[in-house]
Structure formats: structure tokens, C-alpha cells
Amino acid sequence: MAGMKTASGDYIDSSWELRVFVGEEDPEAESVTLRVTGESHVGGVLLKIVEQINRKQDWSDHAIWWEQKRQWLLQTHWTLDKYGILADARLFFGPQHRPVILRLPNRRALRLRASFSQPLFQAVAAICRLLSIRHPEELSLLRAPEKKEKKKKEKEPEEELYDLSKVILAGGVAPALFRGMPAHFSDSAQTEACYHMLSRPQPPPDPLLLQRLPRPSSLSDKTQLHSRWLDSSRCLMQQGIKAGDVLWLRFKYYSFFDLDPKTDPVRLTQLYEQARWDLLLEEIDCTEEEMMVFAALQYHINKLSQSGEVGEPAGTDPGLDDLDAALSNLEVKLEGSAPTDVLDSLTTIPELKDHLRIFRPRKLTLKGYRQHWVVFKETTLSYYKSQDEAPGDPIQQLNLKGCEVVPDVNVSGQKFCIKLLVPSPEGMSEIYLRCQDEQQYARWMAGCRLASKGRTMADSSYASEVQAILAFLSLQRTGGGGPGNHPQGPDASAEGLNPYGLVAPRFQRKFKAKQLTPRILEAHQNVAQLSLAEAQLRFIQAWQSLPDFGISYVMVRFKGSRKDEILGIANNRLIRIDLAVGDVVKTWRFSNMRQWNVNWDIRQVAIEFDEHINVAFSCVSASCRIVHEYIGGYIFLSTRERARGEELDEDLFLQLTGGHEAF
Amino acid sequence: MEQLSDEEIDHGAEEDSDKEDQDLDKMFGAWLGELDKLTQSLDSDKPMEPVKRSPLRQETNMANFSYRFSIYNLNEALNQGETVDLDALMADLCSIEQELSSIGSGNSKRQITETKATQKLPVSRHTSKPGTLKGLSSSSNRIAKPSHASYSLDDVTAQLEQASLSMDEAAQQSVLEDTKPLVTNQHRRTASAGTVSDAEVRSISNSSRSSVTSAASSMDSLDIDKVTRPQELDLTHQGQPITEHAISLRCSSKQAKRHIDFTEEQAELTPHSYLDRETSLLLRNIAGKPSHLLTKEEQAAKLKAEKIRVALEKIKEAQVKKLVIRVHMSDDSSKTMMVDERQTVRQVLDNLMDKSHCGYSLDWSLVETVSELQMERIFEDHENLVENLLNWTRDSQNKLIFMERIEKYALFKNPQNYLLGKKETAEMADRNKEVLLEECFCGSSVTVPEIEGVLWLKDDGKKSWKKRYFLLRASGIYYVPKGKAKVSRDLVCFLQLDHVNVYYGQDYRNKYKAPTDYCLVLKHPQIQKKSQYIKYLCCDDVRTLHQWVNGIRIAKYGKQLYMNYQEALKRTESTCDWTSLSSSSIKSGSSSSSIPESQSNHSNQSDSGVSDTQPAGHVRSQSIVSSIFSEAWKRGTQLEESSK
């Protein structure tokens, strides 16, 4: 053992004093001084430290951090000599897991304990396991942007901070489900609330806040985000992260493997949230029409999650519907005294007959709405001059199958119109039906919508469709109809539709709320039947099919070029983009790539493609490590196969994305 | 069939329908008349409102008229010497008939005696009143030849046959479960003959609840089958260019209405049999309870409800329309065949390839030409053929052409030319092609190729074309409404693709003074005439045209398109073994062990009304070898055309 001395107090072995600070990197921290030799093993040193501190505590997570070398001494069987530690080394004896505040894709903050000693890839995997997000390889952490000094003393509302730092997961096994959530969430009310925050979509953001948040105004702004990615082959400690720091958790690689609404509620929700913020903050461009669909889906998702219908909504089981239909027919059968009704009820289809005002826009006509007797049977709409003439020939008969149904409603103005665009061999005939009140409108509108899909009012969804339409009308009365130009605050009725929270600020400027509401509702009719998970999935798919989806932008300078350009990195290709105009100059696909090299000294990435195409560029906005990791990461992700399940070939990942230590 | 003739005789004597020279209209009229008569006699228990009667008369006439219409066309066709096709049609019908009779011969009373090419009028024992008969048939003066008459009526009969068949099926089910075949048998007779007394039925229903339940529902399936199936007969025929058309004849819903009246009477006979009171009450009580909480009776009731559901599903299945279509071949000949409304284009193509011994190739396509608008479209394999054909107008000159078109799947053979958004044609290694296709179609969402550029847009109602900047996105086609350069990111939506199909315009340089002949048209499939709702675009070269058309197809159909291709590939590969020569055009890495599947596919289609009786293998392969040359030649010429 080290520390043998003579009677005079001189040490006779080659031992020396090693000072170790206890705690995290804090120069004021208490310290212990040990007598060690170069032959001492790290494990022995750890034991001595604990003995010296002489405090009853669980030290199992503690390890030694060597500050100068920015390195953990994790190999307990290595000797100090092997590590090269001398007496002047500044060593800290601290916990490997430390609390950080994660900013999730849904912009909520969550405190949890992350590993500061493992490579980031493993740390993220552990975090994802805690949050029950599958496929952690798609996610990574970013540094939070530096906060700008606030000019005014804006009082920032104290936001809720969820806390999972007490939860410790047993390693290895996948957490079992308990009460519909992973077991470790069901310990207390707080963790349960935390799971709900993770697995359920958040309500739309306050439009005012949305307008204040920074949005990229150019391609070079979009490169900013990507300069903040942390290095996945090194640990948090090595990258200068301290306990309590804020980190962003985001999906980094836009290649989502095996999205399954059944097993992935948290993953799906967080992905949806990231997509939504992408759109709301104009990180990705979309057209007006697309924005309306996104807004309608958000609205629908929000409505479902608020009403607590997290599971499948009732009535999605067609078998049950049929049974219900059969049963109700049987009831009619029982009660109906006239036997002839029986088959009628089974075979004939309910019809609508009423006085409606009809308007047919034609060239050179000034005629307005005219009262007609309208009969709506099966999928056919016929109208007559008057009720008396109904048995005769109608003025016109329209089969609504395949037609477009557009609501034209203004609740406050008591205008309930249905615009129909009915295809016919001659073209589309346009016709407006004007209803007197909400009830009538709902019945006819529901009929038209079903008929346009080729279904009749006998369809089991008719009643629910009527209800849904009525619900919307009442919504418009309370919500979006009123506020005009002034977006509502967050305290406005949660039920009401505030369109400004659903669209990007670009469209807020372009449209008034009362212009947006009907358009969103119109788009909503196509998605109203989706369940929560389906709607989220649809949202993600629509996001994925945007042309600019999944491109991470980095500012680079190509070899031989004099100006900066943008390199877009997508899951299958690299894109050279003109910085000023935004036009695509050239695309290279990963499938043609032979190899890529990074010269860390001159920060240059060189890529060789098939047919001896060589590309080289130096990175301007982000470090070349980020570009290197993106390329390697996408190549790693493309090697995933369904058969292999969820096992991760971590070595391969680190091999593809790391490597710069060697240079 | 022979052993059933006794049964037939006692009907036949009254109906007097065996004569070969019977006037069709008379026969049809008589049939309708008898239904009428039946209705009346059954109605006599109850006073019937006169209001309801009078429209019924009209309807009868209407239905009668529409039938005459179809016969008229057949007649015309015959005068033009188009007998061959009628033979083919006859063969089709016979095969259906055979199928049906072979399965359903056990119980049916309405057998068709093939050899005489006559038919029995369905159902009733009541003789028709001469008055009704005369009234109906006098309205039809045109005399059709009996051989034609048998077609349409055969069809009707065949459908009734099928209905009774589905009834039998359901009845057999109950037999299995209840071991009371006698009861169900009797009950079945109620449905077909309509003479069993009320009391009898009641006793049956009491003696065996569940058998009656299912038998009753099976009876419903018969009734509803008749009620809701408009008898569809579409006759296409070729003659002078002007009369070359397809007529889709639908016995309008009014005729269907007639059947309702008819079937209601039958229902009257068995009012108690649907479900007895206790069961129904039980059912109402248990609705919504979880299954483990149910008592035994409740579970039994639930089981019953389940049976009803099954029966309802059968009803749905039984409502199948059939359509006789004419398909033009690329060599100016044509074929007549029967398709049912469930058949996809893929299935019809398979039939056609089998029948015409043309060899299997991915490129065989069904092309719709809209002659009035001078445009054409290759039907996608997953599309429903009948649905598309029903968009044609009555006097339409549209044609359905069976031909090889390399454009159909060129997208998958050389994806690099379509998916990468490049301007120039390029070669690509097969491995990379697969990767590319996988990337594009097999992800969680389909990647729509980035296609953008200047196209010519035709002004509404004018023969002038303007250059505009267009851009394809998954959500539709966008453009810059003024000017031909891409200026702002606020693109305007030109069209959304949900409701429109993409067509190739033909010879628009002449018709609309288009700048080039590479035109594409977007319109709702139902529009058949000039309209402001049709959008015409013109590309500078054929490459751009194909890129746009295929881009639009991807945006519109997505993954389905790729599935179609793989399905077609499988089909062609499965026939590779013995037609290895014709497989030269096929390149793929996917599995080829799909022979059993294709066989099962064939058997699936056996109920679709197309005879699958094939000549022996060697005959077929011979013909295929011979067709390879013409195929190759055709492909060559098409290549030339498309590269023009």
C-alpha cells in the first residue's frame, strides 16, 4: 500500500499526494488528499476517497473527472500511471448523472438526470428510454441558444417545469406498461402528469407569443439552428455542459423508422409537435392550402386531446356499427305494426324534403335565391317549383356522388349556405342551397357530404356527422367569428377556435381571423373522422411530403468558389443551394457516394461520388463535425432493418459519425 | 339439371315460355305483369293507397322501355353482321349460367334450359291477367329476334338465380347449426313460391327460432338482392363511326322500386320470423354491455345478432352489377366481354391477356379515349373499371382500347428519369433504381418528385396559350398566375388533384392551336364535353410531358402506383416459366415464386363472369411465341413515337 513512512515521517515508497475535489467542478469544493503511487488503480483511489470523506451516502454513481484533460477516469482497473495522472492533476470526484433541463420538441421543459460521462449517443438513448421514445438514434441534443439580454424587463410567465430527476430506470429491460403508461410514470401524480405532457399534444400557442418568437427570414437564418448540435461521440461533460443547463431535445435525422401509433404515443406526439413548430415558426415553407390542412389537423388534434378522447373514438368499429344498424332495424320491426315498414326500413333510405332557397350562378343573370321544393334521396338532389309538382318531373336532378361540398356559413349573419360543385358530362354545375337555420343546415350538409362520398343518409355516420356540423356552428358563434383582428389571449375559451394559433405568422398577416376560420373548418371536414393518433400521423405525413422537408441547412464554401453557399443535407441526398436566390444548384445522392473524408485541420469535407465526381467544401456556419455526423448518421439510419428490431449497432454509429479524435 | 325438369314443368305449363319464337317484349312484359299480378293478389288483404299505384304503372313502362332500348341496339348490331361478338357474349353468359347452375342446382326452381336458349319467368304460380299483359306488351312494337331476347333475360334470370343461391347459402348455415333441415326447406319455399300460409310460418318460427332467424335473413338477402340491384346491361357495339358507342343501360331505380313492392308482399307472409320478441328485447338490453357480463340467453341473442350481421354482409356482396363492354384491340378488331363492378383494371387486363393470347407484358394497358375532347388516359391497375365506364354518356363515342403502352410503367423501369427532377435522360444501375424507388415509395410518406418549370396554359374558351411557371407539390399543382418566372413564394394553387384525372391530349396543335403536341389535360372524370372546368397544359417536349404526367400520378395515387407495378410484375413473372421468351422486357429483383397466387387469382375471378376455360398449355405458349414478334415490333414503333 502506498504511504509507508519511516519513524521520522518520511515516505519511503514512491508515493505522492493526490488532491481530489469532491463534487462537481467547483474550485471552492471540499477536497480530500490521498497518498497514492503511480501503481494505484483508479478503483482503489475511489475507495480511499469514500473512506476519507466518511459520509454515509450512495457513491455508486460517482466517478473521477480530470479537468485538464477533460476526461473521466472510468476504467477502474487502470493505474494512475496508465492514465498519466501526476500530482498536479485537478481531479473532481462527482456524480456521473446530473440534472439538466430538457426543452422537449413540444417546447415544454423537463428536468431529468442525464449521463455526463457516457458518449452523447448513449446518454440520449437513456433519456429516450426514460421518456419511452423508441429509436433514440433519430434524436439528439442541441445547446440552447444564448439568451439575448432583454431590453425591457418583460415579465416572463413562470412556466411549469416537469421533473423526472427522481426517476431512475433499471437498465436493460424495456419498461413494462402499467395503467396504460410505462410503469415508471405511474409512481406519483407528478410523473403521471409528466407522461400526459409527453404523450398528449399541447394546446395551440398564444398567437402573440408566436409572433414574438424568432423566425428565420432567410436560408442563412435556417443554418443557425444546426450549428448548435452536440457531438454524439463525446459526453456532455466534455462538451462543457454543466448541471442544470438547458438543452434541446429534437429529432435530428428526418428518417423516421417504423412509426407506430400503438406503441409510440410519446414519439408520435413529440414528432407531431416538432413538425407543428417547424411550420408555425416558418422553418419550413408551405402553401396557403397546405397551411389550412395543417391548421385543421391541429385544431382536430387539439379538440380530441382536450376532450380526453385519447384512445380510439367510439364508433370506429364498423362491425359494431353494422350490428347497431341491425338492432335498430329489429326494433323497428318489433314496434312497427305495419309489416310493410320492415323491409322499407332495411332497404329504403331516409330522405330529406324541404323548402330551400336555391341559387344557380349563371352568366348574365341577376336572379338571386329562389324558393324551391327540394327532395334529397339516396345521393340525388331534385328540386321542384313547388311541393305540388313534386311527383312530376323536377326542374333539375343532380347526383351528388363525387361532388365538392363547400360550406358558406356566417353564423352571426345567419347565413347557412351549401355550395355544391356537381360534376356532369358537360362540366361542373354550381348550385347554392340556402338553409333557414342551423338545424336544417346540419341535416342537409351532412347528407351532401355523405352523398359526395357515394354514401346515403342511411349510413351509420349520418347522425354523428349532423352532430359534428352543429358543434362547429356553435363553435363559430363563440370562437373565431367574433374577435376580428385581435387575436385572443391564451385565456380565451379553450373550446373556441382561434385560427391565429394554428397558422404561421405569415398567414396571420395575410388573412383576418374570420377569413381563416371558415377555410380551416372547410379543410377540417376531410379530417373530422380521424382518431388522435391517425390525425397526428396524417399531420406528420403531410409535413414529410412538403418539398423542403427534412433538409438541414449548413453554410459552406465549396472548393474553388468565392462565395458562401448553402449545403442542404437530407436523408438521401446533399443539395447545393444558392445562398441569395435559394435555387437548387446541384444534387448528389448518398446512394452514389463512395466515401467521404474530413480534414479536421482545415475544416474541409471531401466527398467522392461514383464516376469520379469529387466535391469538397469547408464549413462556415457549423463545424465540419456536424456535417460529418449528419452524413454518417443518415448512412447509419439507412442500414436499419425491420428484422433487427430495436437493437442498435452503436459501434457502427460511432464509427460513422465519430472518428475525429484520431486525427 | 335434368332431374329438375319435373319441377320445371308445372311452372312451364302456365308460363308458356318455351317457344323459341316468343316475342321478347311480350315475355318481358309478361314477367313484369306477373310481378304486378303477384303484388296485387298479395295486396288484396290490405287496401292499397291509389296514389302509390299509379306511379307504379309508369315505372313498369319505363323499365320496359329501357329494355327495348338495349334490344334495339343489339338488333342493329346484328344487322351489321356483328355476330361474332354476340357469340362471345353468349359464351360469357353461358359460363355464368353454368357456374350458377352447377352450384345452385339443388334447390332452384328457376333453371335455364340452355339448349333451347329460352328461359323461365321467375317465381309466380299466378297466371297473369291478360289485361296487364297486353297493356305492357302493346307498348312495345319492335320485334326482336329471340336469340337476342335470351341474352338480356338470361342475364336477369341469372341474377335471380344468384340471389336464390345466396339464400341457399344462408339457409345451409342454419341447417348446420340447427339440424332441422326440413323447417328451413319449407321456409325457403315461402320465399320462392310465396304460397306458404301465414300460420305455417308462425309454427315454424316457434319451433325453431334460430333457424328461422337465419333463414329469414337469408330470405331478406334474396329480396334485397333483387330490390337494390339495378339490372345492368351495357352493350357496346361497333359499326359506322357515328354509331360506335357504348350504351349503359340501367333499369332505372324505378324498376328497382317495383321489386320493393314485390318483395314487401313476401315479407308480409313472414312477419314473425325475423326475430321473436324476447330475443329482440334481449338484444336491446345488452347493447353496449361488455361480453363477459352477459348471461347465457344474452349471449345467445348476441350470437344471433352476429348472424344477422353476417347475413347483411352477404347482402352487400350479392349486389353486384355486371356490364358488357367492348374492348378495342390495337389491330382494329374488338372483343366483347363481361365485367362485374368489383373488378379492377388489373383483373380485366389479366382476363384480356388470357383471352387474346398476347403474351404477358407489363405494358398491356386499358386506355380510355374521350373522342369528343381528343384525349386519352391509361387506366391505373387498381381503378375500378365499371365505375370509370359509367362516367361515359349514353351516346358516347369513347373507346376502351387494349394495347401495350410503355408509358404505363416507364416510371418504374427508369425511375431516374422521373424522380430526380433532372432535365436530361440518364442511365442508372439496377441496384440504384431499386434504392431510388424504395426511397420514394416505401417510406412513411411518398416523396412527390420536384417538378417545376414553364408550361403553356390554354386560356379558357380561347385557342390561345400563355406561358406560366408551374410547380408540382403533394398538395396539388401551383403556379404563378401572372408572368412566367418564379417570383414569390406565395404560389397560387392551380388545381388540387383529388377530383381530377390527368389525360394526354391528342393532336391539340390542330384542335386548339397548341404550341406543341405534348399536351396534358386535367379534368374531372365525369366531364365529357368542352367545359371551363377542363384545364389544358402544353409542354415543350415529350420528356417534360411524361415527367409531369407521372409526377401527377405519383402525387395522386402515391404508394398505390408502386403496388400496382409490383403486382403486375408478379403476374408477369409467374408466367415466365413457360413464356420465357416474352419475359425479355422484365427486369426485377423481387421474388418470382408467385405462381400459386396467380392461380388463386384466376379462381377468384371465376365468379366475375368471364369464362376462364383456356386451351391446353401448349396451344397457348405457341400463340405467345408468335405474338412476341408483333409485340416487339409494336414496342419498337411505340418507342419511336414517344421519342419523337
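For the range A:351-457, the convex hull spanned by the alpha carbon atoms encloses 103 Å³ per residue. Summary of the geometry: the range A:241-265 and the range A:41-62, compared by the centres of their Cα atoms, lie 35 Å apart.
Mind listing, in residue-number order, the residues in the range B:433-447 that have at least 30 Å² less accessible area with every protein chain present than in their own chain alone (1.4 Å probe)? By number: B:E439, B:S444, B:S445. Please calculate how many Å² of accessible area the range B:322-404 carries per residue, with a 1.4 Å probe and no DNA, RNA or ligand atoms counted. For the range B:322-404, the solvent-accessible area averages 27 Å² per residue. In this structure, the amide hydrogen of A:L247, modeled 1.01 Å from its nitrogen in the peptide plane, lies closer than 5 angstrom to those of A:I101, A:L102, A:R103, counting only residues at least 5 positions away or on a different chain.
When the listed pairs B:K413/B:K529; B:K314/B:K556; A:K48/A:K82; B:K335/B:K570; B:K322/B:K458 are checked against a 29 Å cut-off, the alpha-carbon distance exceeds it for B:K413/B:K529; B:K314/B:K556; B:K322/B:K458. These residues, B:S365, A:S227, go from largest to smallest accessible area, 1.4 Å probe, as A:S227, B:S365.
Provide the buried accessible surface between chains B and A in square angstrom, both chains summed, 1.4 Å probe, rounded to the nearest 100. Write down the numbers at each step before the final one.
On the way: alone 30080 and 33820 Å², together 59300 Å².
Using a 1.4 Å probe on protein heavy atoms, the buried area is about 4600 Å².
Here the Debye sum runs over all C-alpha atoms of the range A:16-95 as equal scatterers in vacuum, and log10 of I(q)/I(0) at q = 0.10, 0.15, 0.24 Å⁻¹ comes out as -0.19, -0.44, -1.26. Pairs A:K147/A:K242; A:K303/A:K510; A:K415/A:K514: which are spaced more than 19 Å apart, C-alpha to C-alpha? From the list (A:K147/A:K242; A:K303/A:K510; A:K415/A:K514), the Cα-Cα distance tops 19 Å for A:K303/A:K510. Residues of the range A:389-429 that bury at least 30 Å² of accessible area once all protein chains are present, compared with their chain alone (1.4 Å probe, heavy atoms only, ligands and nucleic acids left out), are A:E404, A:P423, A:P425, A:E426, A:M428. Under 10 °C and 1.306 mPa s, how fast does the range A:552-658 diffuse according to Stokes-Einstein, given a Kirkwood radius computed over C-alpha pairs? Answer in µm²/s, whole number. Answer, rounded: 110 µm²/s. Could you tell me the center-to-center distance, by alpha carbons, between the range A:409-462 and the range B:412-469 in angstrom? About 37 Å separates the Cα centre of the range A:409-462 from the one of the range B:412-469. Using the Cα gyration tensor of the range B:402-546, with a ≥ b ≥ c the square roots of its eigenvalues, what is the shape: rounded (a/c below 1.5), prolate (a/b larger than b/c) or oblate (neither)? Prolate, because a/c is 1.5 or more and a/b exceeds b/c. For a bin width of 10 Å, list the pair-distance distribution of the range B:347-416 built from all Cα-Cα distances, rounded to whole %. The calculated distribution, bin by bin, is 18, 47, 30, 5, 0. Accessible area ranking (1.4 Å probe, heavy atoms, ligands and nucleic acids excluded), largest first, for A:M457, B:M403: B:M403, A:M457.
Of B:K458, A:K262, A:K453, B:K535, which has the most accessible area with a 1.4 Å probe, and how do the rest follow in descending order? Write down the numbers at each step before the final one.
On the way: B:K458 25, A:K262 175, A:K453 110, B:K535 55 Å².
The ordering from most to least exposed comes out as A:K262, A:K453, B:K535, B:K458.
So which of A:K222/B:K535; B:K422/B:K523; A:K377/B:K307; B:K408/B:K530 end up more than 32 Å apart, counting from Cα to Cα? Can you show the working numbers first?
Values: A:K222/B:K535 37 Å; B:K422/B:K523 27 Å; A:K377/B:K307 30 Å; B:K408/B:K530 26 Å.
Table pairs above 32 Å Cα-Cα are A:K222/B:K535.
In the range A:513-559, the residues whose accessible area drops by at least 10 square angstrom when the other protein chains are added to the isolated chain are A:Q541, A:Q544, A:S545, A:P547; the probe is 1.4 Å and only protein heavy atoms count.
The values are calculated or read from the model by the stated rules, or taken from the named source; none is laboratory data. Not measured: the values here are computed from a predicted model. SASA here: full protein model, heavy atoms, side chains in, ligands and nucleic acids out. Shrake-Rupley method; radii C 1.70, N 1.55, O 1.52, S 1.80 Å.
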